[in-house]
Amino acid sequence: MAERIEQRLEDRIPELEQLERVGLFTRKEIRAVLRKASALEYKIQRRALRKEDFINYIQYEVNLLELIKKRRARIGYSFKKDEIEHSILHRVHSLFNRATGKWKDDVQLWLSHVAFCKQWNAKHQLSKVFSTMLAIHSNKPALWIMAAKWEMETRLSSESARHLFLRALRFHPECPRLYQEYFRMELMHAEKQRKEKKEFEQAKMDLGEFNYSEEILDGEMARIVYRDASQKIKGVEFQLAVLSIAKLFDFTQDLQKEILESLQSRYADDPLTWDYMARRELELGSLQPTEHTTKQKKVSEMAQTEERCCAVFDEAVRAVPTEDMWKCYITFCLQRYNRKTNSEELKRKRLERTLSVFSKAHESSLLPEALYKQWLQLLLDSSLSEKAVEVAEAATRHFSQSVEMWQMRLQVLIQLKRDDVTQCFEEAIKHVKSKGTLPLWTLWVEWSEGTNSKDDTEALYQRSLHATTPAESVTMKEMYLDWTYRNGGYKKVKRLFTSLCENRPFSLDFFRKMIQIEKEQECCKMLHLREYYERALREFGSTNTDLWLDYIQEELSHPKGKPENCGSIHWRAMKMLQGDLVEDFVSKYTLLQTGHL
């Protein structure tokens, strides 16, 4: 092994001598490079190889290349690149080849080699890398696409890119992304040939030796790809994706027409088809000439265009009366309403249209639950409070088991300061199952704190502890403790804490809150703090290291603390903590002793 390493280091000597001779590196730096290279070589020659050693070696060589590049720029020296950089590049490629040969499944390693080849313009080497990588990772469409794009965009080889896509489709015959990128590549190839032909014609050159097929120039290859893909890949999303690609090229009108006809005939019942057809009216409207038109006329034209879109949507909800279809219609209306405009008339029309569509969807019982919230917010923003109350009530009738719907209705009533808030809370609790009602109880007690008497609020807190599930009651205990301290003082909160401790479960914050309350008192008693810490440790002592450390710190820093207790607390912690937490506790305890925590 030592002989092999010595040989590799000797192979470096010519390039290092050149670096010193041309003034890019000093003799001291050359020695440092040799020492570092020797250490790295030993690491990658041992029997138990580690991936990190190869990565570190490669990174060192790349950094060396970058340093040489900067120094060349600084002194303005650009010769001897074959003797210096070429040798280093060859070594990096060898390291990558060894690493990817050893860890073939590591895609990130392959991609790093690809990125390195691109950065240093190693086209010949990159072709080899792609070839080897795709032979091993043929199950990853993204890698095929990357290789084909490189062939097309960097090497300008449409034939090689097409060959790669065809190979990829043999492995992935139903991959939408592959077909989309293959379709795009054929259109790019056609556009490239069209530009070449146009330039030759402008230069009045004889095209006899160049064979420009009219079918290829018109995108016939892309049409073949599309037709083949349509037979294998179902779904409107693929059709729309291909159509959006075709729109990027100005010679694909016939192809776009074919895709559109296929879309309408094969997916007439899909909401996305209708959504596209409606929004297409906006595109058609934007294509009209807008020169020499007044602002008023522009507003009028925009209003007419939006009316045409809505006419298509109206036809759509009659043809496909589903929640998804109404959702598309409402989403469109909301997007148009949220667009900025200086025309108050246009904004008013958009608002009226949006509210009308919401109402129609609701009347059809096809308004999705998630959209009721947006409808209510729109009504409140438009100062239509009575309508908002009416809609909120209808929403809870339609989705009587939904906590979100009741929460939304209650928030509307609270915001409008209505008298029937309590009645609505009672109705909500009656309809919704106990599990998941925590948001309703927290909202109720928060509202009660600012509206009702202290006795009513306390009774509500007590009721919530029994009405919620044990896991949810934890949050209510924390809120109850906090409210009692703010409104009843220390003695009352201490009595409440003792009472609540009789019923599990608890949260760590519940105990920390009580500890914090004790610390805020003028006469903070260590006896009480010990009680709270001991109670907390009984519940969380096996899973929380910070609690033990805080307890120890309290004994050390409190005027009435007993530092001699720290040893027994430490011993108990070591016994109770589980797994890796013991090591974590020991390291933190050491930091605490040295004053670094």
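The values are calculated or read from the model by the stated rules, or taken from the named source; none is laboratory data. Bear in mind the structure is a predicted one, so any value in this text is a computation, not a measurement. Neighbour counts run over all protein chains shown; Cβ positions are idealised from the backbone, glycine included. Heads up: the accessible areas ignore ligands, DNA and RNA and are worked out on the full protein's heavy atoms, side chains in. Shrake-Rupley method; radii C 1.70, N 1.55, O 1.52, S 1.80 Å.
Tabulated values for the structure
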quantity	calculated
Computed Kirkwood radius, in angstrom, where 1/r is averaged over Cα pairs of the chain	33.1 Å
³J(HN,Hα) computed for each position of the range 546-551 - Karplus, 6.51 cos²θ - 1.76 cosθ + 1.60, integer Hz, glycine/proline x	4, 5, 5, 5, 5, 4
Net +/- balance of residues flanking residue 142 in space, Cβ distance below 11 Å, scoring K and R +1, D and E -1	+2
Set of aspartates and glutamates near residue 347 by C-alpha distance (under 18 Å), chain-local residues within fewer than 8 positions excluded	301, 306, 307, 381
Calculated diffusion of the range 522-596, Stokes-Einstein form, Kirkwood radius summed over Cα pairs, 20 °C and 1.002 mPa s, µm²/s	170 µm²/s
Values of log10 I(q)/I(0), in the order q = 0.14, 0.15, 0.24 Å⁻¹, for the range 412-458 under a Debye, Cα-only, solvent-free model	-0.34, -0.39, -0.95
The range 373-417, Cα convex hull volume normalised per residue, Å³	55 Å³
Expected-Rg normalisation [2.2 N^0.38 Å, Cα atoms] applied to the range 89-179	1.07
Equivalent ellipsoid semi-axes - Cα gyration tensor, the range 280-416, angstrom	32, 18, 9
Separation between Cα centres of the range 145-192 and the range 2-79, rounded to whole Å	39 Å
Surface accessible to a 1.4 Å probe, residue 175 within the full protein complex, Å²	20 Å²
Dipole-positive endmost among 139, 448, 379 within the chain (Cβ charges, Cα centre)	139
Spin-label model distance (nm) - residue 250 vs residue 234, 7 Å beyond Cα toward Cβ	4.0 nm
Estimated FRET transfer efficiency when R0 is 30 angstrom, pair residue 400-residue 360 (beta carbons, to 0.05)	0.85
Accessible area expressed per residue, the range 9-142, with surrounding protein chains retained (probe 1.4 Å, Å²)	57 Å²
Reciprocal mean inverse distance between Cα atoms of the range 340-449 - Kirkwood radius, Å	14.9 Å
Partner lysines for residue 435 [C-alpha distance under 20 Å; skip if fewer than 8 residues away on the same chain]	477
Spacing of the two label points (7 Å from each Cα toward its C-beta) at residue 508 and residue 418, in nm	4.2 nm
Ranked packing of 425-431, 405-411, most packed first, by mean Cβ within 10 Å	405-411, 425-431
Extended-chain gain in nm, criterion 0.36 nm per residue less alpha-carbon gap, residue 203 and residue 282	24.4 nm
Surface/4 of the Cα convex hull for the range 1-103, nm²	6.3 nm²
Protection-proxy order for peptides 518-529, 327-338, each taking the mean of Cβ atoms within 10 Å per residue, highest first	327-338, 518-529
Relative contact order, percent, the range 148-250 [alpha-carbon distance under 8 Å, six or more residues apart]	30 percent
For the chain, with +1 on Lys and Arg beta carbons and -1 on Asp and Glu, the positive-most of 342, 496, 561 along the dipole	561
For the range 142-231, the fraction of alpha-carbon pairs in successive 5 Å shells from zero, as %	3, 14, 23, 22, 17, 10, 6, 4, 1, 0
Cβ-placed point charges (K, R +1; D, E -1), dipole of the range 522-596 about Cα centre in debye, nearest 20	260 debye
Peptides 492-502, 77-87 ordered by average Cβ neighbours within 10 Å, highest first	492-502, 77-87
Within the chain, helix-based [θ] at 222 nm, where runs of 4 or more DSSP H residues each add -39,500 (n - 2.57), nearest 500	-25000 deg cm²/dmol
Contact order normalised by residue count of the chain, Cα under 8 Å, 6+ apart, percent	4 percent
Long pairs among 247/295; 128/232; 491/525, criterion Cα-Cα beyond 22 Å	247/295; 128/232
Cα-based Kirkwood hydrodynamic radius, the range 487-559, one decimal, Å	12.8 Å
Computed FRET value (nearest 0.05) for residue 370 with residue 264, which takes r as the C-beta separation and R₀ as 35 Å	0.75
